[in-house]
Structure formats: structure tokens, C-alpha cells
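**Q** Structure incoming, see below.
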Amino acid sequence: MNVNYELTGPDGAPVVVLSNSLGTDLTLWDAQVPALAQEFQVLRYDQRGHGETPGAPGPYTLKQLAGDVLALLDVLGIRRAHFAGVSLGGMTGMWLAEHAPERIDRLALICTSADLGPASMWRDRAALVRQEGTAAMVEPSLPKWFTPELAGREDVVAKFGGMLAAADAEGYAGCCEAIADMDLLDGLGGITAPTLVIAGAEDPATPPVHAERIAAAVGGARLEVLSPAAHLANAEQPEAVNRLLLEHFTRSL
């Protein structure tokens, strides 16, 4: 898999990997990179079928999505890194922390879930997107991604609606199927990476109860709930998220 990525920040600094959500590309993290790149090398990348990373025939598994990250780290010669992910990116991070703990230093999980059923809903969405394309998901997704004040704003619709409509239909569908089949709950107690869990108080896609479940299961995890914030809390509350990420990741410097 030829994964599109961008590496920013001072040579030799610790690395932070940023992983995007379903339907978004690496520009989801535009507001985080300048802040994080003062202290870290920031590695952001596009999930399969998103942004400039090509799709491949699905279905996918979280093991495959996480494997794309491990392969990218290997190519770049990065043995160990911090990891922050939103939604699907957070699921990818949990898989890595559970199955490749030697590669993950500190973990930040934003607006995500370890069990986001029912599986039938994700398979139905995959079928819809294969039939009608990702543009069909723009109208139902934006009100979940942002609180009402932002969801209809012209610049928000242009940027985030545009990146969703541009996503590869097969790639998006394959990622839906990875969510349908994910099995992360039983392994949460084995995560040893220091973990920060961030939720959006107004997130209808992964309400705070999902973050609470993760934080309760991962030993020593810290939970923060931001408001107002829906599903893409890092875009809606960038200053708060930047502060939390810097606090979390600099503790190991």
C-alpha cells in the first residue's frame, strides 16, 4: 500500500503520528501541526482510499489499516512514536497499542470507540457508498461532525464536505467494514501506553459514553470532555485539543 504522508518538524525530535477519521484526509489536522511541530516531528497520513492514498478492494480490517501505519514507520526508519487518532484513526491507534505496543509510546484517542455497532449499519453504509459514491454521505455527516453553529458554515462545508466527497468509494466502504468487524474491547485492559481520551460533549457519532468506557478499561487513562464539540473535536476546539496533546506527549520528553 502506497500511503500518502507528510512529515513536518525538527529532525531528530520524537515523532507524533496523526491518523484521520473516516471520510477525512490528513488536512483534518491542519490546526494541530503548527503547534505540535514546535516540539515533535509530526507524521500525518491518509487512510486507505482517503486523500492521496489509493483505495484497494475491500473489505478491510483494522489489522490491515494498522499494518499500513507500521509499514510507513518502517519505511521512514521510525522505531517508536506517539500516536493520536480521531474516530477511525483512534481505532487504528487502539489496535496498534494492543498488538504492537513496542511501537507506540503515548496514545491519544479523540472521539472514538472500541465497539461501534451495530455491524449491520456499517455494512449497509458500505453498500450505499459503493452504489451512490461518497458524495451521498456529505449531507448526513456534517451535522455529526460539527455542532450546528459550524456544520452549515460555508468554509466548513467547502473543506470537510469536499474531502468527504473526494474520498474513494471503495476505500470508504472498506473502512466501514473494518469498523463493522473491529474487536477492541477485550484488549483495552492490556494497553500499556499512557493514554489520553478526548470526547466531544455534543458528539452524536461517538458520544462521551464511548470515551468513558475506553478510559475505564485502560489503566491510568485520562479522560477529557470538550464542549461545544461534536465528532471532529480537534477541528472544532483546536486550541483545547492542542493544549491537551502537548501536555500529554511532552510528559515523556
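The values are calculated or read from the model by the stated rules, or taken from the named source; none is laboratory data. Computed from a predicted structure; not experimentally measured. Don't worry about glycine lacking a Cβ; one is built from the backbone with ideal geometry, like all the others, and counts go over all protein chains shown. SASA here: full protein model, heavy atoms, side chains in, ligands and nucleic acids out. Shrake-Rupley method; radii C 1.70, N 1.55, O 1.52, S 1.80 Å.
**Q** If you scan segment 141-156, which residues turn out to be assigned to a helix (DSSP H, G or I) and open to solvent by less than 60 Å² (accessible area, probe 1.4 Å)?
**A** Answer for segment 141-156, where residues must be assigned to a helix (DSSP H, G or I) and open to solvent by less than 60 Å² (accessible area, probe 1.4 Å): S141, L142, W145, L150, A151, V156.
**Q** Among the candidates A37, A31, which residue alone is modelled with pLDDT of 95 or more, of a type in the set (A, V, I, L, M, F, W, C), under 20 Å from W145 (Cα atoms) and surrounded by fewer than 23 Cβ atoms within 10 Å (Cβ to Cβ)?
**A** A31
**Q** Residue under question is G77, and the condition is that it be modelled with pLDDT of 95 or more, over 20 Å from M94 (Cβ atoms) and open to solvent by 60 Å² or more (accessible area, probe 1.4 Å); does it hold?
**A** In short, yes.
**Q** Another question about this same structure. Show me the strands (runs of 3 or more DSSP E) entirely contained within segment 1-95 in which 1 or more residues are in contact (Cβ under 8 Å) with a residue 60 or more places away in the chain and of a type outside the set (S, T, Y).
**A** 5-8, 15-19, 81-86
**Q** Filter segment 164-198 down to the residues that are over 19 Å from Y60 (Cα atoms), within 16 Å of the chain's Cα centre (by Cα) and of a type outside the set (S, T, Y) and list them by number.
**A** Once the filter is applied, which keeps residues that are over 19 Å from Y60 (Cα atoms), within 16 Å of the chain's Cα centre (by Cα) and of a type outside the set (S, T, Y), segment 164-198 yields L196, V197, I198.
**Q** Moving on to the next point. Tally up the residues in segment 91-117 that are of a type outside the set (S, T, N, Q), modelled with pLDDT of 95 or more and under 12 Å from M182 (Cα atoms), please.
**A** 6
**Q** Which residues, taken from segment 124-140, are within 24 Å of A158 (Cβ to Cβ) and polar (S, T, N, Q)?
**A** Listed by number, the list holds a single entry, T134.
Yes or no, residue by residue, for (1) among the aromatic types (F, W, Y); (2) in contact with a Pro (Cβ under 8 Å, 6 or more places away or on another chain); (3) more than 22 Å from G162 (Cα to Cα):
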residue: R44; (1), (2), (3): no, no, no
residue: R48; (1), (2), (3): no, yes, no
residue: E52; (1), (2), (3): no, no, no
residue: P59; (1), (2), (3): no, no, yes
residue: G67; (1), (2), (3): no, no, yes
residue: A71; (1), (2), (3): no, no, yes
residue: L76; (1), (2), (3): no, no, yes
residue: H82; (1), (2), (3): no, yes, yes
residue: S87; (1), (2), (3): no, no, no
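**Q** Looking only at segment 123-140, count how many residues are open to solvent by less than 90 Å² (accessible area, probe 1.4 Å) and part of a helix (DSSP H, G or I).
**A** Looking only at that region, the number is 11.
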